[in-house]
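Each remark here refers to the structure printed beneath this line.
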């Protein structure tokens, strides 16, 4: 009796925009650590029983690459994160080979200072990098995930950097995830191409701390018929995120998602503002404080205060791995358009969906059921689709 031919396991690319940043580095190192059994998959919803037999690509099948405009090699960034207590001190050496492999797949992004390339030339160059990554690794598909620094809200018709990368993802035939509050696919010029591409996409702005808590507390006040009079907040951030959000325009883009979460769960916008302060000495840690003034029975005035202290990269990295696996499986299953069921992960989700975390989780569970029963779509994997101006590539 002849042995049955072995089936090669699928390989899924994760192309990270901001590939040498703290979140990307933690995701790459963390994936390697969990795959090797060095650490448990804490924080990964896709590793819970809900997603058993849902056809998600295993962590061992993920191959990393990406774009960045900084030149600090990934292993060096991992060493810096370990020195700061973000990663276990011995992890960079334990997963050094995986970090080196990802570093070899990182390409210089754009636009660079003094760049004279047109938008279409930039998009084509970025898309070529992604297509080459897929071909080089013999990948079945790749998911593009934006984990770069927050941009200001764009003005005018020109595509900001995040939207150039998003357009490149579409042109390369890859699903797209925007984990930042930057424009990405939200730019009005890209809406027709996102629809025409037939690709699934998700975003935007990962929900890791203060807004995660707000999406639980907001529904609590509404369901208990307690009147919220004011909701004020302060964020103390270090590292690159704090520096980027020191720009008032970038902070405004970040706060828009936080405000939407309150408006959608409370049904009204309470008075009060959220402030973001850059505190470089905090490094990768952040502190978020909320002061909530509310009225109880007979107008009794009360206050709830919360303090959230966490490591931004450690909170975000497992979500990046979840989203890459979920969107890759959605692509394989033939789903397209905005994946509103992934609103559980975002402050400002695409598509129509609930804002309360409990309802978002229920939608995510429903998606797991759909993926479990979905057949594999007859798709060719990453290919060429229409570019930003509608031309075929």
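Numbers at a glance
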| item | result |
| --- | --- |
| Dimensionless Rg over Rh [the chain; C-alpha; Kirkwood] | 0.97 |
| 187, 291, 67, 89 arranged by Cβ crowding within 10 Å, fewest neighbours leading | 89, 291, 187, 67 |
| Over the chain, relative contact order from alpha-carbon pairs under 8 Å, at least 6 apart, % | 21 |
| Percent antiparallel among DSSP beta bridges (both partners in the chain, rounded to 5) | 45 |
| For region 32-178: rounded, prolate or oblate by the Cα gyration tensor [a/c cutoff 1.5] | prolate |
| Protection-proxy order for peptides 358-365, 179-186, each taking the mean of Cβ atoms within 10 Å per residue, highest first | 179-186, 358-365 |
| Gyration tensor (alpha-carbon) shape descriptor, region 96-216, a/c threshold 1.5 | rounded |
| Nearest 10 degrees, 0 to 90: helix 74-83 Cα axis against the chain principal axis | 30 |
| On Cα atoms only, tilt of 312-332 relative to the major axis of the chain in degrees | 50 |
| Order of 133, 221, 64 - criterion: other Cβ atoms within 10 Å of each residue's Cβ, fewest first | 221, 133, 64 |
| Residue-averaged 222 nm ellipticity for the chain, from DSSP H runs of 4+ at -39500 (n - 2.57), nearest 500 | -12000 deg cm²/dmol |
| Per-peptide average of other Cβ atoms within 10 Å, ordering 336-346, 270-280 highest first | 336-346, 270-280 |
| Extension gain, residue 38 back to residue 113 (0.36 nm per residue minus Cα-Cα distance, nm) | 22.9 nm |
| Model label zone, residue 234; criterion: amide N under 20 Å from point 7 Å along Cα-to-beta-carbon; scope region 291-319 | 291-294, 303-312 |
| Nearest 10 degrees, 0 to 90: helix 161-171 Cα axis against the chain principal axis | 40 |
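No value in this document is a laboratory result; all are computed from the given coordinates. All figures in this text were calculated on a predicted structure; none of them were measured in a lab. We place every Cβ from the backbone using ideal geometry, glycine too, and count neighbours over all the protein chains shown.
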